[in-house]
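The values are calculated or read from the model by the stated rules, or taken from the named source; none is laboratory data. Only a predicted model underlies this, so the values are computations on that prediction, with no experimental measurement involved. Here the Cβ is made from the backbone with ideal geometry for all residues, glycine too, and neighbour counts use every protein chain on show. Please note that ligands, DNA and RNA were not included when accessible areas were found on the heavy atoms of the full protein model with its side chains. Shrake-Rupley method; radii C 1.70, N 1.55, O 1.52, S 1.80 Å.
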Amino acid sequence: MALDLNQEDPMLLPENLQKPRGRLTFVIHQITAGGAERILTLLANKFCEKGWSVTLLTLDSGSEPAFFELHSDIQHWPLSLMREQGNWWKAVKVHFLRPFLLRCAIRRSKPDVVIAFIDLMNILTLVATIGLKIPVIISERVHPAFHSIGKFWSLLRQVVYKRSACLVVQTRDARSFFSSSIQKNSRIIPNPVLVPEYSGPALKSSASSKTLMAMGRLREQKGFDLLLKAFAPLYNKFPDWMLEIWGEGEQKEYLEGLRDELGLRKRVRFPGLSKEHYKTISEADIFVLSSRYEGFPNVLGEAMACGLPVVSFDCPSGPSEMIQDGVNGLLVPAGNILQLSSSMERLMTSAELRKILGEQAIKITESYSLNKIVQSWEELIDEVVNEQ
């Protein structure tokens with residue numbers, strides 16, 4: 001159910017929590033099957049485990065459960081402020097009262113710090129907290145130079161981001177997009193890469209059927225059309241290899257049509273969503289990232305953590321900070337279909353190369369451990385609170 005901001009049920013209020021380390025309020029549009037949502041869930045759950053009082057504000061109605069599992073102690077308050085509303089009063093709330101109602105919810109959660117995820121939610125949260133003496137940390141989750149939010153919102157972003165206590169980005173490249181004044185008040189904190197709980201075979205090189213895998217929302221950003229075109233020349237050369245593209249999205253029908261047009265219907269599958277990323281990825285032999293741009297490619301890190309050999313476009317931003325070409329994976333010039341095809345062929349041909357790269361790839365969990373990333377967030381939160 002959506003949160004009633006006039007409700008006085010004391011069981012929902014943070015005052016009942018026993019001596020928390022501090023109070024954090026996370027703000028995001030909804031917990032759907034996206035990378036930003038997954039990372040927010042990981043962070044919020046970990047903060048909860050470490051003794052923080054955590055409130056999660058989302059704009060959905062709460063009629064559907066969060067895609068990722070939330071810690072039982074997280075107070076999730078759906079505000080029912082999404083754009084798709086059924087009557088005139090709800091439409092009025094969405095367009096004119098959304099900042100005010102979000103402001104009410106933030107005040108009610110009594111946070112020491114607010115942490116907002118994703119560009120438009122960052123802007124909304126900063127507008128909603130004008131005049132409140134509550135520090136707001138905002139977080140960009142994709143490369144802003146390649147993700148258009150429209151001229152009006154872009155101008156507003158440049159203005160209101162200066163109000164934030166800090167802007168968190170995941171890569172140096174993403175930070176360089178912003179003005180110098182915003183960059184001065186920013187921090188680079190990459191996403192965590194978890195050690196897989198699922199322990200499956202690192203390789204299936206001896207199996208009769210082998211799998212190339214990609215995963216992500218089926219939209220233009222992810223470049224799955226480029227991947228299909230790169231796989232097409234390999235179809236006859238490697239009859240024992242399949243390509244699986246996991247995810248859902250607006251391009252599914254287009255991509256299925258392109259697959260059929262390229263004559264790949266028998267060897268390319270679109271299995272849908274997976275809630276068990278590591279288990280699904282571990283069953284593959286090679287992982288491919290074909291994105292046109294990224295913020296920080298979570299799924300690439302997950303594949304490397306599973307010990308898979310990976311090949312990725314050197315797109316902005318993230319892959320070049322994760323992959324050392326020829327050591328723990330293969331980097332391909334961004335958008336170069338021929339070189340992507342050649343690098344895929346190189347891995348498909350050599351089980352030994354797959355083994356060598358996979359053994360090095362798994363070491364990524366040391367550099368991007370969840371504990372290290374949460375510690376970086378905690379240090380930032382402490383700094384922000386102490387500056388008040």
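Structure above, values below:
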| read-out | value |
| --- | --- |
| Matching option when the condition is surrounded by 18 or more Cβ atoms within 10 Å (Cβ to Cβ), in a loop (DSSP other than H, G, I, E, B), touching a helix residue (DSSP H, G or I) at 6+ places or on another chain (Cβ under 8 Å) and in contact (Cβ under 8 Å) with a residue 12 or more places away in the chain, among LEU227, LEU218 | LEU218 |
| Leading residue by the ranking (farthest from the chain's Cα centre (by Cα)) among those in the range 236-254 that are in a strand (DSSP E or B) and under 15 Å from LEU264 (Cα atoms) | TRP241 |
| Flag if ILE130 is modelled with pLDDT of 95 or more, farther than 21 Å from GLU37 by Cα, surrounded by 17 or more Cβ atoms within 10 Å (Cβ to Cβ) and of a type in the set (Val, Ile, Thr) | no |
| Tally, over the range 150-192, of residues that are farther than 25 Å from SER320 by Cβ and among the β-branched types (Val, Ile, Thr) | 2 |
| In the range 332-345, the residues that are assigned to a strand (DSSP E or B) and open to solvent by less than 40 Å² (accessible area, probe 1.4 Å) | VAL332 |
| Residue in the range 194-209 that is closer than 27 Å to GLN30 by Cβ, of a type in the set (Lys, Arg) and modelled with pLDDT under 95 present | no |
| Filter result for GLY272 (open to solvent by 10 Å² or more (accessible area, probe 1.4 Å) and out of contact with any Leu (no Cβ under 8 Å at 6 or more places or on another chain)) | no |
| Test result for ILE323, open to solvent by 50 Å² or more (accessible area, probe 1.4 Å) and farther than 21 Å from VAL168 by Cα | no |
| Residue list for the range 277-326, filter: of a type in the set (Gly, Ala, Ser) and within 19 Å of the chain's Cα centre (by Cα) | SER290, SER291, GLY295, GLY301, ALA303, ALA305, SER312, SER317, GLY318, SER320 |
| Filter result for the condition that a residue is buried (at least 21 other Cβ atoms within 10 Å of the Cβ) and not aromatic (Phe, Trp, Tyr), over ASN191, ASN185 | ASN191 |
| Out of ALA165, ALA145, ALA174, sole residue that is touching a His at 6+ places or on another chain (Cβ under 7 Å) and in contact (Cβ under 8 Å) with a residue 40 or more places away in the chain | ALA174 |
| Test: ILE356 is free of Cβ contacts under 8 Å to residues at least 60 places away in the same chain, over 18 Å from PHE231 (Cβ atoms) and open to solvent by 70 Å² or more (accessible area, probe 1.4 Å) | yes |
| Evaluation of SER139 against (1) of a type in the set (Gly, Ala, Ser); (2) at positive phi; (3) modelled with pLDDT of 95 or more (one fails), failing number | (2) |
| Those residues of the range 1-56 which are touching an Asp or Glu at 6+ places or on another chain (Cβ under 7 Å) and either part of a helix (DSSP H, G or I) or at pLDDT below 55 (or both), in sequence order | CYS48 |
| Only one of LYS151, LYS210 that is farther than 30 Å from VAL311 by Cβ and of a type in the set (D, E, K, R) | LYS151 |
| Any pair with Cβ under 9 angstrom, 6 or more apart, that starts in the range 297-323 at a residue that is among the charged types (D, E, K, R) and ends at one that is surrounded by 24 or more Cβ atoms within 10 Å (Cβ to Cβ) and outside any loop (DSSP other than H, G, I, E, B) | GLU302/MET215; GLU302/ILE281; GLU302/PHE287; ASP314/VAL332 |
| Residue match in the range 258-275 (condition: closer than 21 Å to MET304 by Cα, in contact (Cβ under 8 Å) with a residue 60 or more places away in the chain and hydroxyl-bearing (Ser, Thr, Tyr)) | no |
| The range 302-320, subset over 17 Å from PRO190 (Cα atoms) and hydrophobic (A, V, I, L, M, F, W, C), residue most open to solvent (accessible area, probe 1.4 Å) | CYS306 |
